[in-house]
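Take a look at this one; I'll ask things after.
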Amino acid sequence: MSVANNIARIRNDLQAAEKKYRRLPNSVILLAISKLQSLSQIKSAIDAGQMKFGENYLQEALKKIEALKKYAIEWHFVGTIQANKTRAIAENFSWAHCVCRGKIAERLNSQRPAHLPPLNVCIQVNSESETHKSGIEFDELEALAFKIKKYDRLHLRGLMAIPEFRSDFFEQQRIFEKVAKAQRRLVSQGFSLDTLSMGMTQDFVAAIAAGSTMVRIGEGIFGKRK
Ligand SMILES: *Cc1c(COP(=O)(O)O)cnc(C)c1O
């Protein structure tokens, strides 16, 4: 299948899910995750109208951003953020999805160039608790959100999660609901959040059922990664 065909099929499935779960039309954004995919694959996606891309590995991403700078691409950093990478992320991306430590937020805030709009950030939550360790624990979320809210070079947009894969749809949905609930709690405390970054190729329909507003699709668009 070509990249263009894959994008058409994913958009179709996404619209069907919006309808089925009574979400507003076009309320779910498709982010194409292009890590380990070639420039020509990305160009095929651009030709199909896809302009939002996510990357995980900084060096690889910077090369692609430079090579594709004539296109009006919105770049999202969806990888883990180490302290020594914050400057390049603050300078080159529109979004950072995996902010889960105050120190990282503080660095991104101070390093975001003045000529750019505030960096959009999501707090990555650990939706699994015991088994897997990326993201902040739910009980530490509020403190980090209040901290980020004070930074004027960051725009806190919402939460992000990467649950472990489960084959059962309702199990997938149940985990995503925990993240959506944490988001609602923050909103009730006065945060204005509009983004739930959750759902990948294997589980995006369950994520939409639970309220996802941005699905991150890699292999479903580009095929298997090398
Ligand atoms: C790789 C990756 C994706 C895309 O995964 P697919 O299974 O290829 O859709 C989404 N989000 C993050 C954070 C990733 O690292």
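What percent do you get for the relative contact order of the stretch 113-226 when only Cα pairs under 8 Å and 6+ apart count?
The value is 22 percent.
Which far-off residues, 5 or more places away or on another chain, put their amide H under 5 Å from the one on residue 218, with H placed in the peptide plane?
It is 33, 201, by chain and number.
Something else: Expressed as a rounded percentage, what relative contact order does the stretch 1-101 have, with Cα pairs under 8 Å and six or more residues apart?
Across the stretch 1-101, relative contact order equals 21 percent.
Taking θ = phi - 60°, what integer Hz values does the Karplus form 6.51 cos²θ - 1.76 cosθ + 1.60 yield along the stretch 148-160, in sequence order, with x for Gly and Pro?
The phi angles translate into 5, 4, 6, 7, 7, 9, 10, 10, 6, 9, x, 10, 9 Hz.
Now for a separate question. Amide H to amide H, which residues 5 or more places from residue 156 or on other chains are under 5 Å from it, using H placed in the peptide plane?
Answer set, sorted by chain and number: 121.
At a threshold of 8 angstrom on Cα-Cα distance, excluding pairs fewer than six apart, so keeping six or more, what relative contact order does the chain reach in percent?
The normalised contact order for the chain reaches 21 percent.
Provide Rg and Dmax in Å for the stretch 97-226, with only Cα atoms included in the calculation.
For the stretch 97-226, the Cα-based Rg and Dmax read 15.0, 46 Å.
Of all GluC sites (Glu not before Pro) in the stretch 7-78, which ones are in loop regions per DSSP and have a Cβ with at most 16 other Cβ atoms within 10 Å?
none
Across 5 Å bins from 0, what is the distribution of all Cα-Cα pair distances for the chain, in whole percents?
Using 5 Å bins, I get a P(r) of 1, 7, 15, 19, 20, 18, 12, 7, 1, 0 for the chain.
A further question follows. If I stretch the segment between residue 80 and residue 40 completely, what's the gain in nm (0.36 nm per residue apart, minus their alpha carbon distance), one decimal?
Once the chain is fully extended between residue 80 and residue 40, it gains 11.9 nm.
Going by C-beta contacts inside 10 Å, put 58, 24, 159, 116 in order with the fewest on the left.
Final ranking by Cβ density, sparse to dense: 24, 116, 58, 159.
Amide H of residue 127 versus every other amide H placed in the peptide plane: which residues, excluding those fewer than 5 positions away on the same chain, fall under 5 Å?
Amide H neighbours of residue 127: 162.
What three numbers, in Å, describe the spread of the alpha carbons of the stretch 1-75 along their principal axes, ordered from the longest?
Taking max minus min along each principal axis of the Cα atoms, the stretch 1-75 gives 40, 23, 21 Å.
Then there is this: Say we join alpha carbon atoms closer than 10 Å with springs in a Gaussian network model of the chain; which of 73, 89, 148 then has the biggest fluctuation?
Of 73, 89, 148, the Gaussian network model singles out 73 as fluctuating most.
When the Cα centres of the stretch 176-226 and the stretch 1-32 are compared, how far apart do they sit, in Å?
Using only Cα atoms, the two centres lie 13 Å from each other.
Here is a follow-up. Would you mind ranking 226, 181, 64 so that the residue whose beta carbon has the fewest other beta carbons within 10 Å leads the list?
Ranked by crowding around the Cβ, least crowded first: 226, 181, 64.
Read-outs throughout are calculated quantities, based only on the coordinates presented, and are distinct from any laboratory measurement. For clarity, every value in this text was computed on a predicted model and none was experimentally measured. Reconstructed Cβ throughout: ideal geometry from the backbone, glycine too, with neighbour counts over all protein chains shown.
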